[in-house]
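Written out below as structure tokens is the structure these notes cover.
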Amino acid sequence: MSENVNESRGKTLFQRLFTELLPIEQRALMGTLVFIAIILAVGWVALNEPRRMDIYTAQYEGRSIQRGASIFVTNCSSCHGARGEGIAGVAPALNTPEMFDGTHLAELGWTGTLEDYLLLTVAAGRPARSADWPNPMPTWSQDYGGPMRPDEVEDVVNFILNWGLAYEEGYAEAPAEEAAAPAAPTPEEEEAPAFEPVGTDVTVALPEGDPARGEALFLGTESAPDGAPLGCQACHSLDGSVLVGPSLQGVASRLPEGYESIDLYLHEAIVAPSAYIVPGFEGINMPDNFGERLDAQSLADIIAFLKTQE
Amino acid sequence: MQSNLDIRDFPLIKRIRESGLQTALLETADDVVQRVTAGLNIADLRSMLRGDPPGRPNPRLRPHADSFWMHMRPGYYNQAVTGLYPTFRLGFLSTFFFALEGITGLFLMVFYTPSTEYAYADMLNILSNVPLGQFMRDLHRLGAEAMVIIVALHMLRTYITASYKKPRQFTWATGIILLIVTLAFSYTGYLLPWDQLAYWAVTIGASMAEAAPPPVVGQFVNILLKGAPDLGAAGLLRFYLLHVFALPAIGTIFLGVHYYKVILHGHSLPPEDEKVGEDTAKRVPPDVRRYYLPDIQAAEVLWVGVTMLALIVAVIFFYDAPLENHANPLSTPLHTVAPWYFLWIQGLLKLGDKTLMGVIIPTILALSFLVMPYFDVGPFRQYGKRRIAISLSLIFITAIVILSWMGTPKFLVQTSLDQEIFFELAPSEKVGLVRAVPYDELIIGAYNVDDYETSVPRSSGLWRVMRRYSRMIEHARQTPPEQGGLPNAEAFLIVEQLQPNLKGVILRITWDDPDNPGERLSAELLVPVHRDAYPLGGE
């Protein structure tokens, strides 16, 4: 390389870097160091692989539950309730201890896993089973002519299975500061109703209602006094379309014959829904337990809200 | 009786008997080395590594005559083209990336099935269950994007130094074909993960095929490419076969031609070293010869090492190949864009007709690049004499950059501001601000954006989300309704516990309906957040 060095005189380092090769000894040394660095880096990645794969798996399962939640809210909650609590006469509860401790599967004589049972039921649906449950479960998977891809069915099942965690021994959601915040109900809290149910007596006098809170209760964005959302909008639309029960668009100006006032009609329709059935909706049973789930104020709020639907 | 097989006739035994064990082993080793290197013995290798000058005749030229791989490289270079300038070794790097993509691609192929049913699940398996799976995928993806840049820079360099001129016109034309092959590689590979990003980016581009004039041709090309009017199982299989079979075959053939032409014509010297109209690349005077062995090869090995290390460091610390949700033909994510190297076409499309902007102009562009050296026959290569040509290239680059910017959602895309706000806080396919908040900092409660300063503790990640939310709402209140504004907007963020380890963040905005005074419009989005979904508080 001696002639190289001679030519280099008078050139700046920058010029040399751009127009010449470095001496071969320097390149050999740099190359060796670079390849050692590559081997070390790949080795380090390889050593960390088991941990990384575990994290990725947990992350993927978490995201599957997230997607399942979104699908459940759009497709399932209108019948099974926003929190899987079920709606009497429409669809059974999913979020129950019996579902996860094997009792339910034993009753059905199912010998496979709960996951398989859920996958099959969601994917293929189920015909109407008895007079208590007159509605069939729709088919959901594309494999059987439904609208969902198989991986979406799995997402929903993962979401349903996630409720089971709450029934496992030793489970407690959360740090103390969360408990102090205005907490939404967790299953534990639902057990003790700290309110006075309004009951089914339509002659009870109600306080002044607040339509805004009534709307929140109706939409399920605010929970009922018993801690769970009411889920009214799952069956009753406000825009004229028929979901399960009649739409409540214009309900305030639709007083059936024989009722003294719209207040009284709405009051009775909520706490004793079977007393008067809107023509054309015979055979559809609205749950009749709202008298136990609502206090007087909540009922008044919902009535006030419905009266705005003119 | 004479045996046909006599152990004393074996060459090694014969040698040992003739000259002793040590000498015989050394001579045999020398033989083996000479066969493997196609002409160099141990002494030659050692003298090369010591940096000794070659003997005469130069034994280091022998492999170039005898070995297949070495005969594709010149035996010696002109000293003037061995530094970083003028080639920056970009052509060599392009070939390196071609090989790297082949190797990492083969690894990924083992774990991948080209069907709409399994492709996405296979991606998840590669990422969660295959050791080094994510590493290989990241290398493959990053390598693909880097290759597009390197190949484009290689073309740019060739243009700037006017190396495409006589006698290298055809080398340039094969280079244009290799650039198109590179883009096609990247583009077909983009679809294979079968996630939302892949599906919609490719859908945008593939819709161009349909616009090819006349309609009968467009329909035919569309069906040929996708196997059906819409992108689905048949399209995925076709893209896969293009990616792993057709394009590698075409690429290898043209790479071979391209390399052969480089040997044939030599590396063009820097423009300032040549007299006007001359090309002396093939006549290298002995005093400026730099032999490929060992000088150039050592430089190339070092260059490979440095590039590889840079890629690995990038993959470990900075880059993760994206994987969005499973492809869903029924739901288009907001702000879908083409891959970045095709953004300029998306920009063009916003300016006019699909057939003209999406098909005719890019085709004319590619064809004119292909034949450019046969029309640009001026003898000058010196920079000072090519002011127009170099200015044109700068204008072209500027135009591509501006068009690419116009291809992004920042230009001429009108969506309602409520959707924009939701998109920024919780985009359907990316992490976004809300999901990046650590799970435990999502404090359960209902918050009005107007009083977040008092209702959300500053220590919570939620506070920063609320600040951004409130600023966007303020902006939306002040924007006129005809530009997508939300008059008298009220906005809320509600956090509730949906399930064990699963919180729901509800974003709700209500505003005055500009068309029906007294009415309110509303929009709502539920964002479920699982404790394990974003382990590092984001991606």
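The values are calculated or read from the model by the stated rules, or taken from the named source; none is laboratory data. Bear in mind the structure is a predicted one, so any value in this text is a computation, not a measurement. Reconstructed Cβ throughout: ideal geometry from the backbone, glycine too, with neighbour counts over all protein chains shown. Each accessible area value is taken on the protein alone, full model and side chains, heavy atoms only, with ligands, DNA and RNA left out. Shrake-Rupley method; radii C 1.70, N 1.55, O 1.52, S 1.80 Å.
General remarks:
- Among the conditions (1) buried (at least 17 other Cβ atoms within 10 Å of the Cβ); (2) at pLDDT 90 or above; (3) at the interface with another protein chain (Cβ under 7 Å from one of its Cβ atoms), residue A:46 misses just one, which is (1).
- Single unsatisfied condition, residue B:102 versus (1) open to solvent by less than 40 Å² (accessible area, probe 1.4 Å); (2) assigned by TED's automatic domain parsing to the domain that holds residue B:325: (1)
- Test result for residue B:440, part of a helix (DSSP H, G or I), more than 14 Å from chain A (Cβ to nearest Cβ) and either modelled with pLDDT under 90 or open to solvent by 70 Å² or more (accessible area, probe 1.4 Å) (or both): no
- Residues that are open to solvent by less than 50 Å² (accessible area, probe 1.4 Å), out of contact with any Pro (no Cβ under 7 Å at 6 or more places or on another chain) and not in a helix (DSSP H, G or I), drawn from region B:268-321: B:268, B:269, B:274, B:280, B:281, B:284, B:290, B:319, B:321
- Residue A:132 assigned by TED's automatic domain parsing to the domain that holds residue A:73 and at pLDDT 85 or above: no
- Odd one out for residue B:117, checked against (1) modelled with pLDDT of 90 or more; (2) open to solvent by less than 60 Å² (accessible area, probe 1.4 Å): (2)
- The residue that is nearest to the other protein chains (Cβ to nearest Cβ), among those in region A:49-86 that are of a type in the set (Lys, Arg), open to solvent by less than 60 Å² (accessible area, probe 1.4 Å) and assigned to a helix (DSSP H, G or I), is A:63.
- Test: residue in region B:139-158 that is assigned to a loop (DSSP other than H, G, I, E, B), in contact with a helix residue (DSSP H, G or I) (Cβ under 9 Å, 6 or more places away or on another chain), more than 24 Å from residue B:375 (Cβ to Cβ) and β-branched (Val, Ile, Thr): no
- Against the conditions (1) under 23 Å from the mean Cα position of the chain (by Cα); (2) outside the structural domain of residue B:308 (by TED's automatic domain parsing), residue B:53 satisfies every one except (1).
- Residues of region B:223-280 classified as under 24 Å from the mean Cα position of the chain (by Cα) and aliphatic (A, V, I, L, M), total: 14
- Scanning region B:92-100 turns up one or more residues that are closer than 28 Å to residue B:35 by Cα, among the polar types (S, T, N, Q) and within 16 Å of the chain's Cα centre (by Cα).
- Odd one out for residue B:163, checked against (1) surrounded by 21 or more Cβ atoms within 10 Å (Cβ to Cβ); (2) more than 10 Å from chain A (Cβ to nearest Cβ); (3) within 23 Å of residue B:241 (Cα to Cα): (3)
- Filter pass, residue B:202 being within 22 Å of residue B:324 (Cα to Cα) and either modelled with pLDDT of 95 or more or under 22 Å from the mean Cα position of the chain (by Cα) (or both): yes
- Residue ID - modelled with the lowest pLDDT, chosen from residues in region A:1-15 that are more than 8 Å from chain B (Cβ to nearest Cβ) and surrounded by 13 or more Cβ atoms within 10 Å (Cβ to Cβ): A:4
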